[in-house]
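Nothing in this text is a laboratory measurement; each read-out follows from the coordinates by a stated rule. Bear in mind that the values here come from a model prediction, so they are computed numbers and not experimental data. No Cβ is skipped: glycine too gets one built from the backbone with ideal geometry, and neighbour counts run over all protein chains shown.
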Amino acid sequence: MITMMSKTSMNRQRGIALIYVLLIFAMITLMASQMVTSLWLHTEKNARFLERIQAKHHALSAEQYVALLLEQDFEDDKKKKRQVDHERERWNVTTVGYPVEQGSVELEIVDENGRFNLNWLNAEALDGKRFTTQFETILKNLGIDTQLIYAIKDWIDSDQEPSETGAEDNHYLVLDPHRRTADFPLVSLSELRLIQGVGKQEFELLTPLVTVLPKESKVNVNSALPEVLRSLSDKITEGDAQSIIDSRTDEGFAKLEDMTKLPALKDKTAELKAAGFEFTSSYFNVYIKATYRDTVFYLRTLLVRNADGKVQVAGREIGPNDYRVTAKKES
């Protein structure tokens, strides 16, 4: 009897020991699995990080390439003793893809001097009135309520006094989400989404025609869009704007006299002089999409070219944006 009980006890101990071994093995397996998973995640994270860095460098290389094109264009014009900028010059790279090692780079250059600068609405005296009239013309042609002018003015002026149908902090602070007016010139078109009266439809209609630059900038008639040309003077008709576009040719206009030779504009010299445009450009937006392996890097860079032809970066936005506009090229 004692021998049988002893054997039974030994069997139970062996069973318990086996259970302990299995538990320990399961714990070791679980720990090993977690370590392998953690290592894989860490490796994948580092790989993605390195891919993003590489894609970013591809984008910055494209940015420098465009800057070089703009500087070369300035030197070419200097040699010709004819400083003009138009969309048929070699700097105007249309949306294309450049193959790079394990990826590609797509870029598009937009001449911002061909658009209406919203920061002009904060100009003073006669200039302010002229720009207000120009923007009013653009809004009417787009079918947008012209009261939007005052909302934008209040957003960028330095005071807290609402103008006519505009709005200041006392209006925006009760909205959801709460916000304040910038009281500063616009620095990104995305700010339009925050302004009273700018919904999705208005935003989509406006963004191809407007820009945000320093107030000192001027419209370049060699790259101006038809809607912008029409806004320069109430004497410029839709036909006149199209005539300007058709006559810009491969060389562009270099002086006012070149424009007034057009039959449609020969009697509108005074109006054209008062419009305050120019024939060169200083501001260019570069939209870049750089792909490296499975990683995509988006970059928008605003380049400014000074009077000496040197190009500098005025600003960058990283990431995709829904106001990336496609330049309306001349056919």
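With the convex hull of the Cα atoms taken as the outline of segment 220-331, the averaged projected area works out to 9.3 nm².
The distance linking segment 292-313 with segment 208-276 is 27 Å (Cα centroid to Cα centroid, whole angstrom). Its Kirkwood hydrodynamic radius, worked out from the mean inverse distance over all distinct Cα pairs, puts the chain at 23.8 Å. For labels at Val36 and Arg90 in the simple 7 Å Cα→Cβ model, what's the distance in nm? Simple spin-label model gives 5.7 nm for this pair. Length gained on full extension, Asp246 to Gln64: 62.3 nm, using 0.36 nm per residue less the C-alpha separation.
Have a look at Ala270, Gly239, Thr260 and report the one farthest towards the positive end of the charge dipole of segment 218-278, computed about the Cα centre with Cβ charges (Lys/Arg +1, Asp/Glu -1). Positive-end residue among those listed: Ala270. Each stretch of four or more DSSP H residues adds -39500 (n - 2.57); spread over every residue of the chain, this sum gives -14500 deg cm²/dmol at 222 nm. Loop-located trypsin sites (Lys or Arg not before Pro) in segment 264-296 (DSSP state not H, G, I, E or B) with no more than 11 neighbouring Cβ atoms inside 10 Å: Lys266. Extending 7 Å from the Cα toward the beta-carbon at both Phe203 and Lys266 defines two label points whose distance is 4.8 nm. Peptides 297-304, 136-143, 217-224, 53-60 ranked from most to least packed, by the mean per-residue count of other Cβ atoms within 10 Å: 217-224, 297-304, 53-60, 136-143. Each 5 Å bin from zero holds the following percent of Cα-Cα pairs in segment 218-278: 4, 20, 37, 31, 8, 0. With each label modelled as a point 7 angstrom along the Cα→C-beta vector, the Glu257-Lys310 pair spans 3.4 nm. Based on every Cα atom in segment 106-207, Rg and the maximum pairwise Cα distance Dmax equal 13.8, 45 Å. When each full DSSP H helix of the chain is screened for a Cα extent of at least 27 Å along its own axis and an average Kyte-Doolittle hydropathy of at least -1.0, the helices passing are 2-80. Here Leu194 and Lys56 are evaluated by their C-beta separation; at R0 = 41 Å the FRET efficiency comes out at 0.90.
For segment 44-88, the residues whose backbone nitrogen is under 19 Å from a point 7 Å from the Cα of Ile318, taken along Cα to Cβ, are 45-65.
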